[in-house]
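Structure first, commentary second.
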Amino acid sequence: MAKREPATPAGGSGSGFGAGAATSLLRDYGLDGFFDEAFEPDGRGGITPRHHYLPLVEQLSRLDDDAMRRASDHAGRSFLHQGVTFTVYTDNPMGTERIFPFDLFPRLIPADEWALIERGLRQRISALNRFIHDIYHGQDILRDRVVPRDLIVRARHFRREAVGIDVPHDCYIHVVGSDLVRDGEGRYLVLEDNLRSPSGVSYVLANRRAMERVFPDWFDRVAVRPVDHYCSQLLENLAGLSPRRSGRGNGGPTIVLLTPGVYNSAYFEHAFLAQQMGIELVEGRDLFVLDNRVYLRTTRGRQQVDVIYRRVDDEFLDPLAFRPDSVLGAAGLLGAVRAGNVALANAIGTGVADDKVVYHYVPAIIRYYLNEEPILGNVPTYLPTDPEQCEYILANMGSLVVKSANESGGYGMLIGPAAEEEEIRTFRARILANPRDYIAQPVVPLSRHPSFTDGTDGATRLAGRHVDLRPYILSGPDGIEVLPGGLTRVALRPGSLVVNSSQGGGSKDTWVLR
């Protein structure tokens with residue numbers, strides 16, 4: 001790689017950097033009024049790296065265009081060889097498989113910021129787990145009218161079939177992928193909780209492998225916390241849910257990962273995680289239930305299953321209890337769960353707390369169960385079920401983000417400032433017809449992060465792109481652990497606020513500093 005002089009902060013207009021590759025990379029780079037993760041104003045009309053980015057910017061300044069292209073090609077080959085793909089359905093109803101877009105400029109989070117995120121997520125997951133247990137048992141929070149009863153019983157993912165069912169250790173939420181954003185002041189806010197079967201952690205691990213291969217020296221210079229223990233921690237937590245003290249040959253419980261199959265958009269992740277944990281990847285047809293026990297069909301005969309890490313939604317798990325047309329689960333599975341002979345991660349019914357309408361009440365839920373103030377705030381949320389709030393939403397749709405209460409992946413959403421009048425009219429009619437199914441929020445000016453782009457002259461440039469962060473949280477018998485990193489999703493289209501991969505977004509490696 002060609003060597004350059006390290007970049008150092010300097011006065012004057014423009015980038016605020018002296019000569020070298022950094023000046024070329026940052027030509028025309030601007031903050032544009034957004035909170036930037038890596039750079040800040042230098043007070044003299046230019047920009048300077050934030051303190052924790054200085055060592056990384058120095059490393060970047062030593063790379064020329066040829067070195068960057070080689071690094072990008074190397075990373076692309078790494079993803080190709082790992083089979084890191086996802087499926088989108090916007091241009092093909094059967095789905096189109098694509099390599100996951102990846103940007104080489106990592107996101108850095110200093111230790112003190114990460115400590116705040118950890119505390120806030122542990123608090124939030126602890127309260128939500130108690131909320132779910134309460135909803136399916138005593139329903140004290142509904143009797144005390146902290147959360148309106150009709151919002152819960154009408155929630156799409158509230159499962160009456162799960163009422164009264166006990167789960168191991170009273171733990172309903174085992175794997176969480178919360179979405180965090182930073183506003184214009186740099187404050188971390190929770191945008192969504194994603195408690196059912198959150199995807200994306202395989203990209204976190206694949207991103208890290210790619211960066212370690214492409215820029216191995218950077219990790220030593222920047223001191224990054226590792227993420228490669230995720231799968232072993234998940235496996236340990238799953239084993240701790242087993243209703244039997246021992247499993248096959250007394251060697252431990254039998255754990256399987258239940259996938260909808262190869263046509264699911266996250267199938268790569270299902271296969272990856274099963275392989276990393278050394279457990280069987282199964283489909284519904286591989287399982288059967290007998291005498292309220294779940295068995296796996298094997299070439300050696302049937303084998304009792306103790307724990308199912310399921311990546312199948314509730315309504316498809318058991319055709320006898322939920323959708324009778326489902327072929328993705330196993331008939332009688334709910335009965336085995338009710339009898340305590342098999343454990344599911346995540347538990348049936350967790351989606352009741354994943355509802356975007358319930359999201360509005362999470363700060364109150366934290367206060368109710370923990371008697372604490374929320375550490376991480378919510379984005380202000382308006383509910384059309386409230387007449388005054390509905391009137392405000394309808395009058396201001398051109399400046400709000402309207403979301404379907406139970407959609408994900410960037411679908412079912414209206415971004416008012418970028419919407420056509422016809423689209424606004426359509427959403428207005430939908431809200432009036434089904435106010436329970438929608439929420440509205442102000443447009444959050446998501447923070448930006450430098451990403452590599454091709455300049456008009458063909459040279460590599462850095463340009464600000466909006467980002468969010470999806471940390472992954474594992475909850476088990478021994479407590480709640482937040483993986484030190486997470487998936488930084490980036491809106492690769494200039495000006496776009498939509499970071500979902502299904503909508504043209506990509507990702508970055510996320511480095512939590514020691």
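Only the coordinates and a few stated rules stand behind these numbers; no lab work does. What you see is a predicted model; the values in this text were computed from it and never measured. Using ideal geometry, Cβ is built from the backbone for each residue, glycine included, and neighbour counts are taken over all protein chains shown.
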- prompt: Distance from the Cα centre of region 182-232 to that of region 422-447, in angstrom?
  reply: 31 Å
message: Need one number: % antiparallel among DSSP beta bridges in the chain, to the nearest 5.
response: 75 percent
Nonlocal amide H pairs with residue 105, under 5 Å, H built at 1.01 Å: 452
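Can you put 112, 468 in order of Cβ neighbours within 10 angstrom, beginning with the fewest? Don't skip to the end; give the middle numbers.
Numbers: 112 9, 468 25.
The order, fewest Cβ neighbours first, is 112, 468.
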message: Give me 218, 511 sorted ascending by neighbouring Cβ count inside 10 Å, so fewest comes first.
response: 218, 511
message: Please list 3J(HN,Hα) in residue order for region 436-441, calculated via the Karplus relation 6.51 cos²θ - 1.76 cosθ + 1.60 where θ = phi - 60°; whole Hz, with x for glycine and proline.
response: 5, 8, 9, 10, 9, 9
message: For Cα pairs less than 8 Å apart in space and 6+ apart in sequence, what is the mean separation divided by the residue count of the chain, i.e. the relative contact order in percent?
response: 21 percent
log10 of Debye I(q)/I(0), alpha-carbon scatterers only, for region 98-189 at 0.20, 0.24 Å⁻¹: -1.06, -1.29
- request: Averaging sequence separations of C-alpha pairs under 8 Å and six or more residues apart, then dividing by the length of region 380-442, give the relative contact order as a whole percent.
  value: 48 percent
query: Out of (i) 23.9, 77; (ii) 25.2, 85; (iii) 22.9, 70, which label holds the value of Rg and Dmax of the Cα atoms in Å that was computed here?
result: (i)
field: Low-density loop cleavage sites - chymotrypsin sites (Phe, Trp or Tyr not before Pro) in region 258-324, where at most 16 other Cβ are within 10 Å (DSSP)
entry: 263
field: Alpha-carbon centroid distance for the pair region 279-358 / region 360-376, whole angstrom
entry: 32 Å
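Please identify every one of the GluC sites (Glu not before Pro) in region 385-470 that sits in a loop by DSSP and has no more than 10 other beta carbons within 10 Å of its own beta carbon. If you can, show how the numbers build up before the last one.
Details: sites: 388, 391, 407, 420, 421, 422, 423; in loops: 407, 420.
Listed in order of number, the matching sites are 420.
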- line: The residues 512, 443, 362, 342, sorted from fewest to most surrounding Cβ atoms within 10 Å, come out as 443, 362, 512, 342
- request: Just check region 380-442 against the gyration tensor rule for me: Cα atoms, a ≥ b ≥ c as the square roots of the eigenvalues, rounded for a/c under 1.5, and otherwise prolate or oblate depending on whether a/b exceeds b/c.
  value: rounded
